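Scroll down for the structure; my scribbles are underneath it.
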Amino acid sequence: MTVDARSPEFGPEHLAEVRRLQGLYPDKRGALLPVLHLAQDTFGYISLEVEAYVAGFFELSPAHVHEVVTFSTLYFQQPTGRHVVAVCHNLSCHLLGAKGIIEHLTQRLGVEVGETTPDGRVTLLSVECLCACEQAPMMQVDDRYEGNLTPEKVDGILGGLR
Amino acid sequence: MPKLTVNGKEVEVPEGTNLIEAAKAAGAEVPHYCYHPALSIAGQCRLCMVDIDKVPRPQIACNTQATEGMVVHTETERVLETRRSMMEFHLINHPLDCPVCDQAGECFLQIYYMKHGLYDPRMVDEKVHKPKAVPIGPHVMLDAERCILCSRCVRFCDEITHTGELGIFQRGDQSEIGLFPGTALENKYSGNVIDICPVGALTDRDFRFQVRVWYLDTAKSVCNGCARGCNVEVHTNRHRPHHNQGRRVARLKPRFNAEVNQWWLCDEGRYGFKWMDDKSRLTHPLHRGGGEGAEVSWDRALPELVKRLQGCPPDEVGLLASPKMSNEDLWALRRLAEHLGVRNLDFRVPPSAPGDEDDFLIRADKNPNSRGAELIGVAPDPGGRDAAGILRAARERRLKLLWIFHHDLAASGWPEAEVLAAIENTETVIFQGTNANDVSARAHLGLPSAAYVETEGTFTNFQGRVQRFRTAIPPLGESWPDWMILSVVGKALGASDPVFSAERAEQVFNALAAAVPAFGGMTYRALGDAGRMVTA
Amino acid sequence: MAELILTRNFDVPDAHTIRVYRERGGYQGWEKAKGMEPAAIAEEVKKSNLRGLGGAGFPTGVKWGFIPKGSTAPRYLVVNADEGEPGTFKDRYLMERDPHALIEGMLIAARAIGSHLGFIYIRGEYVQPWRILSAAVKEAYDEGLLGKNIQGTGFDFEIVVHRGAGAYICGEETGLISSLEGKKGWPKVKPPFPAVKGAFGQPTIVNNVETLACLPHIVTRGAEWFAGLGTKTQGGTRLYSVSGHVVRPGLVEAPVSVTLRQIIYDHCGGIPGGRALKAVVPGGSSAAILTPDEIDIPMDVDGPKSKGSMIGSAGIIVMDETVSIPDALMVVARFYAHESCGQCTPCRESTGWIYKISHRIVEGKGRKEDLDTILDVARRGAGTTICAFYDGAVGPYISYIEKFRSEFEELIRNSAHA
């Protein structure tokens, strides 16, 4: 088993998980998204090599896996920072100051939206509605939502990211 | 069989017919991009909208099945306005490449804009840019900006060739046709995506920038690349000889035949026409006297040939016919062999390597008329020698005359040394064919055959279907159809069979049909465009 | 104060566990439904006037009936937990705070339609809710409420929780199905409709999270009770997601007869700083915008419709007098351009184009033809696409410009390119 996205290979546990997932669906192709999530968690991101590797489990042409990956915003085709900070820029958050939060983040982190800090710590994204409008302006930091943001609160959150 | 009304005209169609086909049956054209009868329904272009009574909004015709009593209107104000809207949507990000795009003249954005659009464009913002002029395979060039994302090519690679090379990546107006990075469109039918692409997104690398399509003439024909006999159109450039590098044949396109190739053509067949305008074409009879071959006229060559034939005992004559020859050519040859009493007649020369075959169109036998040769009886008479026997006899100096039709014997499955020895050891070697090769260079007499696109005739495919090919261009130089050469020779030898006074291929075919039961009752007219099966 | 039904467990500690859920009366709906005839369950749901709460508002009992009678094909119950409509967050709360209500609702629906395999398609960004929901599903399995021969009834029902990967269009019923099948989330050409041929080629019913969460209550307390809570055409309460310029943003549970004015001013405390209301989105960003004189409407499937809008996902976004409507349109147009799946031509090409125009207007480079171009293009595309996504884009395109045209015109008048 390798965790290198350039030459990916699942270990026996993950292989068993792939088979288990495929067995849950009437057509094993239904397991493609869960397996891609598993692959991203294992290899860090979805490289072309990962796409071709995953395609093999489904007897799909790599082109059709590439279609799913490029269609979806949560599959990263390049390595990300250790943390992904995604700020919502949709309507409610926009009304309540998302632009300012984004600007604050670009200044604090020293990167533009879409970029990763040189030290590999944070990738900054600006995304569509995360459906937490009651906490606007808000952002997703890795697995969790952080809302009711102010520049101070943002600084506190960034401070906790290693 | 539901009966429905289209634009006031009643028509009956098979169960399951969609409204594009039903309208066609009623004589109405419904413009469309993504629909293709061979492929699954995509319903993406939204151009094929029609009005249906009792249905509040226009519906796409491709995904609506004809039902009993349905009343369809394809030309209402609302339908026309919807088409105009759809044309505008299609052209929003489309680059105005017409001056440099090969598709111009056969582009369905142009065609439908002129017919259904004709609005003033109002998009003043920057168009979306995508990769242009990307070779995606040996035969296909992609321009992703021109692509209207109809997905026909993707569906073709999934549903027809089952190779899945193409996909539509990203989403929204960033959507882009492409290959998985590092792969190529390399299946054996890749050229078909060029045909089905309605616009200039997928174009032919071979045809690129060669000649504008409005200069081309077209003739119905049959591919001669294998025993399938896929129906084709031969597109020729006669009006602008300074284009297409002077080559007359510009390209081949598949022609629909439900029983043979449907809509498709393999790449080898599609691009297998270069020999027709190649420098190696024999354009004049050649008489080799003491070393170099000299171009002579037919008036010189034919008497020489007749003299040599008359000087040979029939059992010392070997005739190596070719399954590349038409039914007409082979019939004339057989009649000539009978007249001469020659029993050494065969067409089976082994290929240098077994031909590739697949479970779709490609046949291992890379000749168009092996079945015809069988049915016509191009085989040794009892006591005569087959092809291998003819070669051996030639090598052993037991033949005085060896007449080779079309075969590139030195490149066949026979050892080259044996072939060259056979040529060397035979007093008179005649080569009759379209292109020069190692054997023709050594022949005493070279007779230039017209290419099949330069004449008309029929081939019999492996299924037993007799199919017509029609003249696309006049014969190159002084080349003649094979049957005509044989007919003139036969006449000079005093043969009386009607074949030997034929002036048209049709006469030869009629003689064949009268004599060989398998072809009984066939006429050119009866064969039509789709051919007919031989009688079992 | 109206009785809390859907939110009854939201503030109860550990109510997401099966233990507390059952203590508070959970799974009694299933107890009753498991002994009912499937047709009887469907009849109750029809009588309850329950409408789909994801956005389309279609009568749920009627939708179930679209599975062809006499079909013996396996049929699937698919839960649309791909909440994505801007302004909406109710399903997130349900899955985080009361996941067993969804599971119980699924069991009831599965019995009604004869399904033995259910999928919950949850948007990929909802990681915490996914964890909580998955744990609840495992609890239900452990308690024998899911799996084979549930509680000895002979009824099998499996639930597969399936995470999405970030695409709003996967919240469209057939886009969701495509994604569930392992393809990109392109909605499917209809017909065939999902109830006839859906996921994996089999009959499929797609229901929203909140819709299913209503079922235990309908079964235990009766269709008449549920219908009586609401209006003539829609029964029950529903969860209104309120955000934007309000003092108390958050979820409001109210009978569907509640008015928009009541929600904004009574439930959510009105607008901060006492500022004036300028505009309000009543049903998620795809709903046409409403002006202050249009908020005295019941927030059921008919109320907003009477003003040319829709209740949709009941995502309410409140905008006060400080808001620039052209700026809001640009944000919303950017959303539709980004989320268009790209499959069909009118939507793919014009969502991008209209975003470019709206952006240009806000940047001070608007042209005088721009507004009529947007309106005309939107009207030409409406109703022509494979799915209703584009019609959802058309809602804001047309209503923002028609109702606030002078604001746009001023920006254009002052632009360099007028």
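The values are calculated or read from the model by the stated rules, or taken from the named source; none is laboratory data. Model, not experiment: these values are computed from the prediction. With ideal geometry, Cβ positions are generated from the backbone for all residues, glycine too; neighbour counts draw on all protein chains shown.
Candidates in region B:355-374 are the residues that are in contact with a Leu (Cβ under 9 Å, 6 or more places away or on another chain) and closer than 16 Å to B:ASP329 by Cβ; of these, the one that is surrounded by the fewest Cβ atoms within 10 Å (Cβ to Cβ) is B:ALA373.
Inside region A:39-53, can you point out the residues that are surrounded by 24 or more Cβ atoms within 10 Å (Cβ to Cβ) and away from chain B (no Cβ under 12 Å)?
Initial filter on region A:39-53 (surrounded by 24 or more Cβ atoms within 10 Å (Cβ to Cβ)): A:39, A:46, A:50-51.
A:ALA39, A:ILE46, A:VAL50 - these are the residues of region A:39-53 that are surrounded by 24 or more Cβ atoms within 10 Å (Cβ to Cβ) and away from chain B (no Cβ under 12 Å).
In the set C:HIS245, C:HIS267, only one residue is surrounded by 21 or more Cβ atoms within 10 Å (Cβ to Cβ) and either farther than 20 Å from C:ARG51 by Cβ or small (Gly, Ala, Ser) (or both); that residue is C:HIS245.
Does region C:361-385 hold any residues that are within 23 Å of B:GLU145 (Cβ to Cβ) and touching a residue at least 40 places away in the same chain (Cβ under 8 Å), and which are they? Result: C:THR385, single match.
Given B:GLY167, B:GLY191, B:GLY182, which one is surrounded by 24 or more Cβ atoms within 10 Å (Cβ to Cβ), at the interface with chain A (Cβ under 10 Å from one of its Cβ atoms) and of a type in the set (Gly, Ala, Ser)?
B:GLY167
Being among the basic types (Lys, Arg), in contact (Cβ under 8 Å) with a residue 24 or more places away in the chain and part of a loop (DSSP other than H, G, I, E, B) is the filter; apply it to region C:143-189 and report the residue that is farthest from the other protein chains (Cβ to nearest Cβ). Ranking the qualifying residues of region C:143-189, first place goes to C:LYS188. Of all residues in region B:493-536, exactly one satisfies the criterion of being under 19 Å from B:LEU302 (Cα atoms), touching a Phe, Trp or Tyr at 6+ places or on another chain (Cβ under 9 Å) and in a helix (DSSP H, G or I), namely B:VAL499.
Identification of helices (runs of 4 or more DSSP H) wholly contained in region C:307-418 with 2 or more residues that are surrounded by 22 or more Cβ atoms within 10 Å (Cβ to Cβ) and at the interface with another protein chain (Cβ under 9 Å from one of its Cβ atoms) yields C:325-339, C:345-362, C:370-381. Annotation: B:HIS239 fulfils all but one of (1) more than 19 Å from B:ASP358 (Cα to Cα); (2) touching a residue at least 40 places away in the same chain (Cβ under 8 Å); (3) part of a loop (DSSP other than H, G, I, E, B); (4) not assigned by TED's automatic domain parsing to the domain that holds B:TYR112; the unmet one is (2). The set of residues in region B:412-429 being touching a strand residue (DSSP E or B) at 6+ places or on another chain (Cβ under 9 Å) and surrounded by fewer than 20 Cβ atoms within 10 Å (Cβ to Cβ) consists of B:GLU427 alone. Scanning region B:53-67 for residues that are closer than 26 Å to B:ASP125 by Cα, within 13 Å of chain C (Cβ to nearest Cβ) and buried (at least 20 other Cβ atoms within 10 Å of the Cβ) turns up nothing. Looking across region B:242-258, the residues that are more than 19 Å from B:GLY457 (Cβ to Cβ), touching a strand residue (DSSP E or B) at 6+ places or on another chain (Cβ under 7 Å) and outside any helix (DSSP H, G or I) come down to B:HIS243, B:ALA250, B:ARG251, B:LYS253, B:PRO254, B:PHE256. Between A:VAL84, A:VAL65, A:VAL113, the distinction of being part of a helix (DSSP H, G or I) and aliphatic (A, V, I, L, M) belongs to A:VAL65 only.
Filtering region A:124-162 to residues that are among the hydroxyl-bearing types (Ser, Thr, Tyr) and under 19 Å from A:THR106 (Cβ atoms) leaves A:SER126, A:THR150. Here A:GLU115 fulfils each of the conditions (1) in contact (Cβ under 8 Å) with a residue 12 or more places away in the chain; (2) in contact with a Leu (Cβ under 7 Å, 6 or more places away or on another chain) apart from (1). Among the residues making up region B:148-164, those that are out of contact with any Cys (no Cβ under 8 Å at 6 or more places or on another chain), surrounded by 19 or more Cβ atoms within 10 Å (Cβ to Cβ) and in contact (Cβ under 8 Å) with a residue 12 or more places away in the chain are B:LEU149, B:VAL154, B:ARG155, B:PHE156, B:CYS157, B:ILE160, B:THR161. The condition of being among the polar types (S, T, N, Q), surrounded by 17 or more Cβ atoms within 10 Å (Cβ to Cβ) and within 12 Å of chain B (Cβ to nearest Cβ) holds for only one of A:SER72, A:SER92, that being A:SER72.
Residue pairs whose Cβ atoms lie under 9 Å apart, sitting 6 or more positions apart in sequence or on different chains, and linking a residue in region A:140-156 that is touching a residue at least 40 places away in the same chain (Cβ under 8 Å) to a partner that is among the polar types (S, T, N, Q), are A:LEU149/A:GLN135.
Of all residues in region A:123-162 being more than 14 Å from chain C (Cβ to nearest Cβ) and polar (S, T, N, Q), which is nearest to the chain's Cα centre (by Cα)? Taking the candidates together, the pick is A:THR123. The set of residues in region B:305-359 being of a type in the set (Val, Ile, Thr) and touching a strand residue (DSSP E or B) at 6+ places or on another chain (Cβ under 8 Å) consists of B:VAL317, B:VAL342, B:VAL349. Across region B:37-61, the number of residues qualifying as in contact with a Gly (Cβ under 6 Å, 6 or more places away or on another chain) and not in a strand (DSSP E or B) comes to 1.
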